[in-house]
1. What residue, of Ile286, Ile302, is out of contact with any His (no Cβ under 9 Å at 6 or more places or on another chain) and assigned to a loop (DSSP other than H, G, I, E, B)?
2. Would segment 94-104 turn up any residue that is aliphatic (A, V, I, L, M), part of a helix (DSSP H, G or I) and out of contact with any His (no Cβ under 6 Å at 6 or more places or on another chain)?
3. Residue by residue through segment 126-143, note down the ones that are surrounded by fewer than 24 Cβ atoms within 10 Å (Cβ to Cβ) and either more than 23 Å from the chain's Cα centre (by Cα) or in a loop (DSSP other than H, G, I, E, B) (or both).
4. Collect the residues in segment 105-123 that are within 12 Å of Asn163 (Cβ to Cβ) and assigned to a helix (DSSP H, G or I), keeping them in residue-number order.
5. How many residues, within segment 183-210, are crowded, with 18+ Cβ neighbours inside 10 Å and more than 21 Å from the chain's Cα centre (by Cα)?
6. Among all residue pairs at least 6 apart or on different chains, which show Cβ distances below 6 Å where the first residue, located in segment 111-131, is under 12 Å from Tyr99 (Cα atoms) and the second is assigned to a loop (DSSP other than H, G, I, E, B) and of a type in the set (A, V, I, L, M, F, W, C)?
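Any read-out appearing in this document is the output of simple, stated calculations on the displayed coordinates, not a laboratory observation. Owing to the predicted nature of the structure, the values given are computational and were not obtained by experimental measurement. Cβ sites come from the backbone with ideal geometry, for glycine too, and all protein chains shown count toward neighbours.
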Amino acid sequence: MNSIKDYLRADIQNYRGSVEEPFKDLAHLFSRFQDARSTQGGAALVVYFQGHKVVDIYTGQKSANEAWQPDSLSVCYSTGKGVLATLAHILVSQGRLDYDVPVAEYWPEFAAQGKQQLTLREMLCHRSGLYDIRNLIADASEMADWSHMLEVIAAAKPRFLPNSDAAYQPLTFGWQVGGVLEKACNESLAVLMQRHLSEPLELNGAYFGVPVEELARVAQPFATSQPAQSAQPPKKQAAAKPARTASPLEKLMAFSGQHPQDFQDAMIPKGMKKFSFFSDAGLQAIVPAASGVFTAQSLAKIYAMLAQGGQWQGQRLISPQVFQALSQVQYTARDRVMPLPMHWRLGYHRILSLGKSASSGFGHIGFNGSGAWCDPERNLSFAYTHNFPTGSITGDYRLWGLTQETLRCADGVLKGRKGWF
């Protein structure tokens, strides 16, 4: 009830930055969503429409003592998968590797455990069978060692025959795709990112592994004051713990035919409670599937290039043939891990909104409710970043609501009416 009151009473002007008139309603919605919690964190929203920036706004706190800035960086979790996939498509366009050449031809060690014919295409659309992280490493801290994790992935055995099934790869995606890019090009992932994505698009912050000199720009979740708890006298004897019952999500997954163990094996490495993506070591670690760090401006510009079919301000980064391939839905069935059918393309999924259709649109969201996407049909791109301590594998109402209103505002220009569907 409090959140509804907060929304209704919210200040619709609690943001800084610029917004063009047709997208004012989007800025007001952004303010409504953030206003009541603007002392607990911050957020940024950037939208490009028809080749130019129409929204660039931000609000709240980067840390307990610092206001959010236009160049504040955010840990965006799986939102980075779409960025890594975009880099792969640029390199495919340059002829440096191919979707359907076996990965082992670029990375001989990868042929182990029956993976001789596994391809980049299968990796990108989550059909490699290499989704299990929990049984590959003994402790989450191993994820911070890039070279070690490439060896682990190369030696891993798929849980199913590649291309015979599908399972979202929450963590392993980055070492698979990032690894083959490095092996095929004989250059580090950081160099490839800088040379083929950040420099051509003049990005103001996009990293898999944050440089030391940029750490201060990263927005951190921060503790807020909690009401004091009344002291309770210690119990003389601890009561026996009842047997654990399945959570509602686990029950729903089981009812729908999904196995909760697949979800756990894909999402939760052993020792994860002791590993933080927000520590200096975690921020500098190269974990492309989960710890990409970006500004909203950088994400929105990457997807603005995709919204225009792979070109930006006279540069063609992605060939028409490759763009046609990357934007095609590979399958519509639900995979083993995600609770919804995601309509996977080559590294991207469908746009999740509150009613508006964007059948040609694609992008990627992150565990904290960050997200970025494009809709080539509308020539529209979107990016939302923040540092609030939330978590959901399909985003939350803020991300869905902002996506919906972005589509509505664009349709107000294109069709003369915003509509809801």
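1. Values: Ile302 fails: assigned to a loop (DSSP other than H, G, I, E, B).
Answer to the check: Ile286.
2. Looking through segment 94-104, at least one residue is aliphatic (A, V, I, L, M), part of a helix (DSSP H, G or I) and out of contact with any His (no Cβ under 6 Å at 6 or more places or on another chain).
3. Asp132, Arg134, Asn135, Leu136, Ile137, Ala138, Asp139
4. Arg121, Glu122, Met123
5. 3
6. Within 6 Å, the pairs are Leu124/Leu346; Cys125/Trp344; Cys125/Leu346.
Quick grid of which residues meet (1) at negative phi; (2) among the aliphatic types (A, V, I, L, M); (3) crowded, with 21+ Cβ neighbours inside 10 Å; (4) under 17 Å from the mean Cα position of the chain (by Cα):
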{"residue": "Asp262", "(1), (2), (3), (4)": "yes, no, no, no"}
{"residue": "Leu283", "(1), (2), (3), (4)": "yes, yes, yes, yes"}
{"residue": "Ala296", "(1), (2), (3), (4)": "yes, yes, yes, yes"}
{"residue": "Leu317", "(1), (2), (3), (4)": "yes, yes, yes, no"}
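Residues checked against (1) touching a Lys or Arg at 6+ places or on another chain (Cβ under 7 Å); (2) surrounded by 23 or more Cβ atoms within 10 Å (Cβ to Cβ); (3) touching a residue at least 60 places away in the same chain (Cβ under 8 Å):
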| site | (1), (2), (3) |
| --- | --- |
| Asp6 | no, no, no |
| Ala10 | yes, no, no |
| Gly17 | no, no, no |
| Glu21 | no, no, no |
| Asp35 | no, no, no |
| Ala44 | no, yes, yes |
| His52 | no, no, no |
| Asn65 | no, no, no |
| Cys76 | no, yes, yes |
